Amino acid sequence: MAFGKWPLGQATLATLAARRAPRRTLRGSRVPWCVFSAPADQTVPSDSPVPPASAELVRYLTASGGVSVKVLTATELVRHATDLHGGMSHVAKHALGRALMANILLTAGKDTGETVQLKLQGGGPLGLVCTEAVTGEDGVVSARGFVEHKGYEHPGDEGAAGFVGACVGREGYLEVRRRHPSWKEGYTGVVGLRSGEVGDDVALYLLTSEQVRSVVGVGVALHPVTGEVTAAAGFLCSALPGCSDGELDALEANVLALPPPSELARLLPGAAARRLMRGLEGEASEGGAMSLASRWTESVELRCGCGARDTARALLAATPGCQGGTDGLAPEFAADVTCEWCGKCTAMTPLDIEREMAEFARSSES
């Protein structure tokens, strides 16, 4: 494990608050990774501004198949996710945003219908940090997530980016669950948390459970006064079997030259991905033709699959004596059920439950 600061120009160093953190490497200790956070009132000039409410992911695979690059800008998605839960502390927003983006990066490129779930249980005061993402039939990657103790405020919470590891904890584990409707059973990989900073731990999971050397960067920037999410971005670069020394050298150089995630969010994903693909996009053959990398663009959105029917079934399952139906419920029974994933509150009465269960029965028969 390497320590040190990501090399930045003096102008950038003057406007960004960088924190020394554990790093993952692609080869030895040459490529570090850490998280930076920029105050909202610090503008970063860019010729490729992100359109409002965009959440987009770009994937590249080199012609040789040796290097995979994914870049995600998700400012609006992370802002909406933290707003939905309400009452989130600054450090909880950082943790949820990083986990959501890491989950999306892992899910992108998987088969339609495959679900990837991340659980960070580090023993810290934030408790469980859980996210889930799936690629739908429409090709859109949808994600959701929550933090168990979302209101926990670390002393000096306005500088919360530097306390994510301590608040997630480092004494527990990262669990990655993958499942697909066509599989007989899902796959679960578990690794001990190395830093609790999320990206570092996901890279460790990829190395130990999937034998893929990777570097992962995920970062969130908050307004210093309001705590609103002002930037969120991430990247996942992997050296796959067949990666040449030349490709690895180019990838390492590109990662070292990449701006921090808070600045990366101010670029379109394609522009950011091209920075990581410098020297990798193609090489000339003997005939002079170029062997170009493959490129995909994927849409990403925040979406929770909860609904009145699922709420009714969960309510019956959790109420003693009601697993078989609503007979055990008093006529005046009423409940407000809140979805832990998205914070949505649904009011249910026995009549509501009966209606939803009848609809479920009819849909099952058809």
- Task: Please go through the stretch 291-314 and pick out each residue that is in a loop (DSSP other than H, G, I, E, B) and at pLDDT 75 or above.
- Result: 303, 304
- Query: What number of residues in the stretch 231-290 are under 21 Å from the mean Cα position of the chain (by Cα), at pLDDT 85 or above and among the hydroxyl-bearing types (Ser, Thr, Tyr)?
  - Reply: 1
- Can we say residue 168 is in contact (Cβ under 8 Å) with a residue 24 or more places away in the chain, among the β-branched types (Val, Ile, Thr) and touching a helix residue (DSSP H, G or I) at 6+ places or on another chain (Cβ under 8 Å)? yes
- Message: Test of understanding: among 180, 223, which residue is over 18 Å from the mean Cα position of the chain (by Cα) and within 18 Å of residue 93 (Cβ to Cβ)?
- Response: 223
- Message: If I ask for residues that are surrounded by fewer than 24 Cβ atoms within 10 Å (Cβ to Cβ) and either small (Gly, Ala, Ser) or within 22 Å of residue 228 (Cα to Cα) (or both), which ones from the stretch 91-127 would you list?
- Response: 108, 109, 113, 123, 125, 127
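The values are calculated or read from the model by the stated rules, or taken from the named source; none is laboratory data. Just so it is clear, the structure is predicted and the values come from calculations on it, not from any experiment. Neighbour counts run over all protein chains shown; Cβ positions are idealised from the backbone, glycine included.
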